[in-house]
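Worksheet: the structure to be examined is printed underneath.
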Ligand SMILES: [Zn+2]
């Protein structure tokens, strides 16, 4: 049966036993790391996964990435961090001025292989 105090499995000596002996007591409650920033870290991780998915099919216009990020509830700051973490490159394609656009691409692409 399970000890009422510490939750460990034990064999009771008497039918009235509800705790093991010697009982070490309840297990310590795991403390959160003091420097943990679960919210912001999670945001960044999520953005990295998201951004990878967006660019995995090929380069995407920077404006389009930002628009989609907004729709996915990813802040611009988080998006930029994810971009940096993934080493995503901004590449100018097309012509000058309105003829060209900035696209984002993953570093594995654009090595001249295609
Ligand atoms: Zn116990």
Relative contact order [Cα under 8 Å, 6+ residues apart], the chain, whole percent: 20 percent
Isotropically averaged projected area of the chain, using the convex hull of Cα atoms (one quarter of hull area), nm²: 13.1 nm²
Helical mean residue ellipticity (222 nm; -39500 (n - 2.57) per DSSP H run of 4+; nearest 500) of the chain: -11000 deg cm²/dmol
Kirkwood-based Rg to Rh ratio, the range 58-107, C-alpha trace: 1.00
Estimated FRET transfer efficiency when R0 is 22 angstrom, pair residue 72-residue 102 (beta carbons, to 0.05): 0.65
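Bear in mind these aren't lab numbers, they're just calculated from the coordinates by the rules spelled out. This is a predicted model, so every value here is computed, not measured. As a convention, Cβ positions derive from the backbone with ideal geometry for all residues, glycine included, and neighbour counts pool all protein chains shown.
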